[in-house]
Amino acid sequence: MISLQRLVEAARQVAATRARHAKRAALAALLREAQRDDLEIAVAFLCGRTRHAPLGVGHALLRSVGRIAPVESPRLTLAEADAVFAQVASCTGVGAAARRRDLLAGLLARATATEQDFLRRLIAGALRQGALDGVMLEAVAQAAGVDPDCVHRGIMFEPDLGRLARIALQGGRQALQALSVRPQHPVPPMLAQAAADLEQALGGGPVALEHKLDGARVQVHRLGDQVRVFTRQLNDVTAAVPEIVEATRALSADSLILDGEAIALDARGRPLPFQITIRRFGRRAQVAPLRAALPLSVFFFDCLYLDGMPLLDRPYAERIDALAALVPPSLRMPRVVTADAAEARAFYEAALAHGCEGVMVKDLAAPYQAGLRGAAWRKVKRAQTLDLVVLASEWGSGRRQGFLSNLHLGARDPATGGFVMLGKTFKGLTDELLAWQTDALLARAVAREGRVVHVRPELVVEIAFEGLQMSPHYPAALALRFARVRRYRPDKHAAEADTIDTVRALAAARAPR
């Protein structure tokens, strides 16, 4: 069995280098050692999480554990640490906090000083060793001796990285290729890159243009009479959206997987803001009254599986043909297929006039790339926006005294697994949002530096801006101009934030020729 100390050493080695190939090699070496007993635990810990989230342990409870004298010699195994986390996660009812504290104190009392530091940061979600999912996928491929594309394809069908690693290392390429999409098992959604403008997104040949709604992404699965609805984070929300279940049961298919957007509409059939739509997704009880007051509509735009046939590898043109044969127009996303720039512009302007955010522009030849954000899908909005991650915030002054106000914003860096700061903003924040933001950021605080509170990079915020400018003050030499908060995105993980590569592409597209 792998010792916790061995994993801590590997994590420190990964954190000590910025070279992606060196991170990958260190991780692959540990995965090969752990493959028999502790592989899934090792993958979770190295990616900065436990296998039993949520643990129900906040910063206050972790602080209450206090300082525990470390042991001199390492003796903890990964399995023993994992077992304690399972016990902590299962604590419920009266006295649960005290039981969690006692369990964690007992675990830390068996750890060395370096192990204690690792465990505390793991529990707090503050590990920054750079072994995020992208690097880990490459390490799994290297450890298993398979092509990285084979592992990237595998994550579409087995989104749990630990289980995927076990399949790869124990079964190799053949086991990975045997994985496929199947109903009732959600796959990560395909994502879109931001385009500077419609002309850049169109390219040369025919493309599909679709309305871009400010709603909630849904993936709908049917197997016989059983229908399940998942969010973009793969959470099961079936009970909260009975009208989507009913609409899916009315389709003439025995098994299917559809990708779409759920949204609340006003009396004229125009989209309501995201914040209104999302109210429907947090409710598990008393759904009927909320449905009566705030009915949802669903618009499907992709078909991933139909009556026993996986369609992900088929071109988008074939998938939308399958969708059109199955789903009535009232449940399909408005779409036009064209190579004519004038027709595309007219469709875009009509979408904006209808209250849409903009349009999606999709490559008709592209397969469905689950979990990937590629150039096959481009999003074009009237106001340029980016989904960025909050890295820190500053205490406000004046009427904002006592609130965390000025946000430090970062784009995701796939090369390092970290985030690159692009600027700050305090604009666009209402009093209500300031209060919520302060509580949410303090719950994620990891360090304080004067008026600045550094936080775990978890919260995704949609930022509108008017341009990008060269700046020597930030690592990417780019900064946002006139940035303002449009909204927080509780439906998105930090791993889904826009990348620094996207930001650089936008800057290059806007640069004078």
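The values are calculated or read from the model by the stated rules, or taken from the named source; none is laboratory data. Computed from a predicted structure; not experimentally measured. Cβ placement follows ideal geometry from the backbone for every residue including glycine, while neighbour counts extend to all protein chains displayed. Ligands, DNA and RNA are stripped out before the accessible areas are found, and what is left, the full protein with its side chains, is counted by its heavy atoms. Shrake-Rupley method; radii C 1.70, N 1.55, O 1.52, S 1.80 Å.
General remarks:
- Accessible area of the chain belonging to carbon and sulfur atoms, whole % at 1.4 Å probe: 53
- Against the chain, whose longest principal axis comes from its Cα atoms, helix 96-108 is set at around 60 degrees.
- Selected from LEU311, PRO490, LEU352, residue furthest toward positive end of dipole (the chain; charges at beta carbon): PRO490
- Surface analysis of region 39-103 yields an accessible area of 50 Å² per residue, using protein heavy atoms and a 1.4 Å probe.
- Whole-Hz Karplus values for region 305-322 come out as 7, 8, 6, x, 10, x, 10, 4, 7, 7, x, 4, 4, 6, 5, 6, 5, 5 Hz, taken residue by residue from phi with 6.51 cos²θ - 1.76 cosθ + 1.60 and θ = phi - 60°; glycine and proline positions read x.
- Which labelled figure in (1) 4, 17, 26, 28, 19, 6, 1, 0; (2) 4, 17, 25, 23, 16, 9, 5, 2, 0; (3) 4, 19, 31, 29, 14, 3, 0 is P(r) over Cα pairs in 10 Å bins from 0, in percent, once derived from the coordinates: (1)
- Distance between modelled label sites at ILE68 and ASP37, nm, 7 Å Cα→Cβ extension: 2.1
- Per residue solvent-accessible surface (Å²) - region 311-387, probe of 1.4 Å: 40
- Residue order by solvent-accessible surface for HIS354, HIS493 is HIS493, HIS354, largest first, with ligands and nucleic acids left out and a 1.4 Å probe.
- Rel. contact order, % - alpha carbon contacts under 8 angstrom, at least six apart, region 297-390: 29
- Over the chain, relative contact order from alpha-carbon pairs under 8 Å, at least 6 apart, %: 13
- When the Cα positions of SER90, TRP377, GLY172 are compared along the charge dipole of the chain, SER90 comes out farthest toward the positive end, with charges on each C-beta of Lys, Arg, Asp and Glu.
- The label point for MET1 and the one for ARG268, both projected 7 Å from the Cα toward the Cβ, are 6.6 nm apart.
- Each Lys and Arg adds +1 at its Cβ and each Asp and Glu adds -1 at its Cβ; summed about the Cα centre, the chain shows a dipole of about 1400 debye.
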